Amino acid sequence: MKKSAIATAVLALTLSTSLSFAAPEQTGSPHIRWQSAGTLSPAVGQTENIGVAGMIAGTSHGYIIAGGGANFPNGGPAVGGAKVTYPDIYAMKATDKGLIETDHQVLPFPAAYGASVTAADGVYYIGGSPDTAAAKAITRLTCDDQGKLHYQTAGTLPFTFQNGIAARNGQTLFLGLGKQDGSPSRNFYAYDLKTGALERLADFPGKAREQSVAQLLGQTLCVFSGGSDTAYTDGYGYDLKTRTWHKLADAAIDGQGISLLGARAVRLNEDEMLVIGGFNKAIYDDAVAHLSHLTGAELTAYKTAYFGRESTDFNWNRHILVYNVRSDSWRSAGEIPFAAPCGEGLVLLKDKIISLNGEIKPGVRSNRIYEGFIMKE
């Protein structure tokens, strides 16, 4: 594909987490300045890109890899619109003029709601596909020095995997939670990328859940939030040395618990991870209860009212949250100056945080990409 700008022009207006919106009472580093970076080109066969959620996202050789994902091109859940999952994958280069697409390919399978792990040798994408074989696969995606995409199968699981967590340490992929073979699971594993051996480890100590956030900080795999019939705010750490789980601080600011269900996270350094997004617990729990128990005309009326609400009414998490494993504590680094996303692609590339697409209210996606510049203190 010919190189093309992601947008005709990057918006001249830059957005600051401390100036554009009222910041929380207690804020901390890093300070981030945001700007719009446009949109991705349309998926093959489409005339426009309306955005997706559940993306593949990571970096390779200084390029951003993102793609896959799902949306509702013919109307959302309120009108019975079908969810469509895409095989399109993109490579992008960050330049002074914004993000530039360097490649656009089509994977041999549609991909969404798997786990993405960035490593020195590429982006590992685990599971996450409506295709059964692909939902068991571990796929490695890379970019060469020219920004050309390459992909290959790096392993196979004995079960399908969706909306779970994963991290890499050396040649070992740690993975678990989410749905395994279609059922919510607490199972947790170590997968050897050299031998293909899968080892069952100690079960996750919390309730079975999907869409948690997780990052490996030092020798601790930190796992927070997620949800099932309720949104959780709790946190747990898996010690790679002792091979045991222990409790971590719940996701909270000023004593107020925050759901990170559907959020995305990046590792800032050995001690810290940054999180953007998350469904509001009270609204999510109420919706699950109603959608699970209402029937007939009552259900139809509830869906119409619920899915017809404005995105701001869902009160998704706008805080830019930072967790420090050494102090086992959370802080806010301000607020994002754009609609709070869930299921977005989130990557760290040098001193930039890139947020791609995501759901901005149930059934509705954003096609926007935002660059956040971490300001030196």
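Rule-based calculations on the coordinates, nothing more; no lab input. It should be emphasised that the depicted structure is a prediction, and the values quoted were computed from it without experimental measurement. As a convention, Cβ positions derive from the backbone with ideal geometry for all residues, glycine included, and neighbour counts pool all protein chains shown.
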- request: Determine the principal axes of the Cα atoms in the chain, then give the extent along each, sorted from largest to smallest and rounded to whole angstroms.
  value: 53, 50, 47
message: Explain nothing, just the number: dipole magnitude of region 4-375 about its Cα centre with +1 on each Lys and Arg Cβ and -1 on each Asp and Glu Cβ, in debye rounded to the nearest 20.
response: 320
Cα-based reach from Lys148 at 16 Å (exclusive), listing lysines while leaving out same-chain residues under 8 positions away: Lys2, Lys3, Lys93
query: Leaving out same-chain residues fewer than 8 places away, which aspartates and glutamates sit with a Cα under 16 Å from that of Lys136?
result: Asp181, Asp192, Glu199
- request: Of the options Tyr124, Leu221, Val79, report the single residue whose Cα projects farthest towards the positive end of the charge dipole of region 4-375 (beta-carbon charges: Lys, Arg +1; Asp, Glu -1).
  value: Tyr124
Most to least packed among 353-365, 99-111 [average Cβ atoms within 10 Å]: 353-365, 99-111
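At 0.36 nm per residue, and after removing the present C-alpha to C-alpha distance, how many nm does the segment from Arg267 to Thr95 gain when stretched out fully?
Full-extension gain reported as 59.7 nm.
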- line: With label points set 7 Å from each Cα along the Cα-to-Cβ direction at Asp145 and Ala305, the distance between them in nm comes to 6.2
- request: State the dimensionless ratio Rg/Rh of region 85-176 (Rg: radius of gyration of Cα atoms; Rh: Kirkwood radius).
  value: 0.99
query: Which ³J(HN,Hα) values, rounded to whole Hz and listed in residue order, are derived for region 200-217 from phi using the Karplus coefficients 6.51, -1.76 and 1.60 in 6.51 cos²θ - 1.76 cosθ + 1.60 with θ = phi - 60°, glycine and proline given as x?
result: 6, 9, 4, 4, 4, x, x, 5, 4, 7, 10, 6, 7, 10, 8, 8, 8, 10
task: Please identify, among Gly196, Gly98, Gly227, the residue showing maximal mean-square fluctuation in a Gaussian network model of the chain using a 10 angstrom Cα cutoff.
output: Gly196
- line: For the chain, percent of DSSP beta bridges that are antiparallel (nearest 5) comes out at 100
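Going down the list Lys194/Lys376; Lys97/Lys376; Lys83/Lys194; Lys179/Lys303, which pairs span over 30 Å between their C-alpha atoms?
Violating the 30 Å limit, Cα to Cα: Lys194/Lys376; Lys83/Lys194.
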message: Per 0.36 nm of contour for each residue apart, how much would the distance between Thr312 and Asp203 grow if the chain were fully extended, relative to their Cα-Cα spacing?
response: 35.5 nm
Straight-distance crosslink candidates among aspartates and glutamates, where the alpha carbon sits under 20 Å from Lys281 and sequence neighbours closer than 8 are dropped: Glu210, Asp229, Asp234, Asp250, Asp254, Glu310, Asp313, Glu335, Glu344, Glu359
message: Over the chain, with a Gaussian network built from C-alpha contacts below 10 Å, which listed residue (Gln215, Gln162, Gln152) shows the highest mean-square fluctuation?
response: Gln152
